[in-house]
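Taking it in order: structure first as structure tokens, then the write-up.
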Amino acid sequence: MNALPAVEVSQTPEEKFREYLASRSRTQRYTAQQRDMVKYIFSKHNHFDADELIDEMKRERLRVSRPTVYRTLKKLVDAGLLRRINLGSRTVYEHDYGYAQHDHLHCEQCGDMLEFHDPKLEQMINDVCRQNHFQYAGHALIIRGVCARCNRARVMKHRLDLV
């Protein structure tokens, strides 16, 4: 897997979110719960769902109500800070601000998500769009399957069953 290329940004995620809230037709307050949530989410780079976020923040003794989490996640997506990824019955979120376009390998056994960027794939998408006079705005590719770790565990279990 290639490391994802860095993207330079002019604002912190917190500044960008404050700007988004201020630009809304009905100016919205930036609450302490939202501030704690934004700081926590952008302190690490991982894929998470709302329940995982709530549990992790509780462990860190950060108090955020469930409705605030769901409302703020939607606003963070609308502000372009997070990307929502639908995985069947589960919805996960990832950083969108400050990260280059990339795609995912999703292990259907353990749930891991691996990120990758392939310039050849980008070129192919651009070529297809150009051939079809289609204005490209972005894409989301999720390849589903079984990761190397789960494959090794499955092969090992199969070998042990033969003994």
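No lab work stands behind these numbers, since they all come straight from the coordinates. Only a predicted model underlies this, so the values are computations on that prediction, with no experimental measurement involved. All Cβ positions, glycine included, derive from the backbone under ideal geometry; neighbour counts span all protein chains shown.
In units of 2.2 N^0.38 Å, what is the alpha-carbon radius of gyration of segment 101-163? If you can, show how the numbers build up before the last one.
On the way: Rg = 17.4 Å, N = 63, 2.2 N^0.38 = 10.6 Å.
The value comes to 1.64.
Report, by chain and number, residues whose modeled amide H sits under 5 Å from the one on LEU87, excluding near sequence neighbours (fewer than 5 apart, same chain).
Residues meeting the criterion, in which the H sits 1.01 Å from N, are VAL92.
Applying 1/(1 + (r/R0)^6) with R0 = 30 Å to the Cβ-Cβ distance of SER23 and ASP118, what FRET efficiency is obtained, to the nearest 0.05? Each step should come with its number before you reach the end.
Values: r = 35 Å, r/R0 = 1.16.
Rounded to the nearest 0.05, the efficiency is 0.30.
How many times 2.2 N^0.38 Å is the alpha carbon radius of gyration of segment 40-79?
Scaled against compact globular proteins, the figure is 1.10.
Could you work out the relative contact order of the chain? I mean the mean sequence separation of Cα pairs under 8 Å and 6+ apart, divided by the number of residues, in percent.
Working: 161 pairs, mean separation 37.8, N = 163.
Dividing the mean separation by the residue count of the chain yields 23 percent.
How many times 2.2 N^0.38 Å is the alpha carbon radius of gyration of segment 7-99?
Relative to the rule-of-thumb radius for its length, segment 7-99 sits at 1.04.
Computed FRET efficiency, Cβ-Cβ of ARG149 and ARG84, R0 25 Å: what is it to the nearest 0.05?
Efficiency for this residue pair is about 0.45.
Return a whole-number percent for the relative contact order of segment 93-147, with Cα pairs under 8 Å and 6 or more residues apart as the contact set. Intermediate results must be reported in sequence, preceding the final value.
Values: 52 pairs, mean separation 25.8, N = 55.
Contact order relative to length: 47 percent.
How are the Cα pair distances of the chain distributed, in percent, across 10 Å bins from 0?
The distribution over the chain is 8, 30, 31, 20, 8, 2, 0, given as percents.
Select from segment 70-160 those GluC sites (Glu not before Pro) which occupy a DSSP coil region and have at most 14 other Cβ atoms within 10 Å, ordered by residue number.
Passing sites in segment 70-160 are GLU108.
Please go through segment 17-112 and write out the chymotrypsin sites (Phe, Trp or Tyr not before Pro) that DSSP classes as loop and that have at most 10 other C-beta atoms within 10 Å.
Loop-located and lightly packed - none at all.
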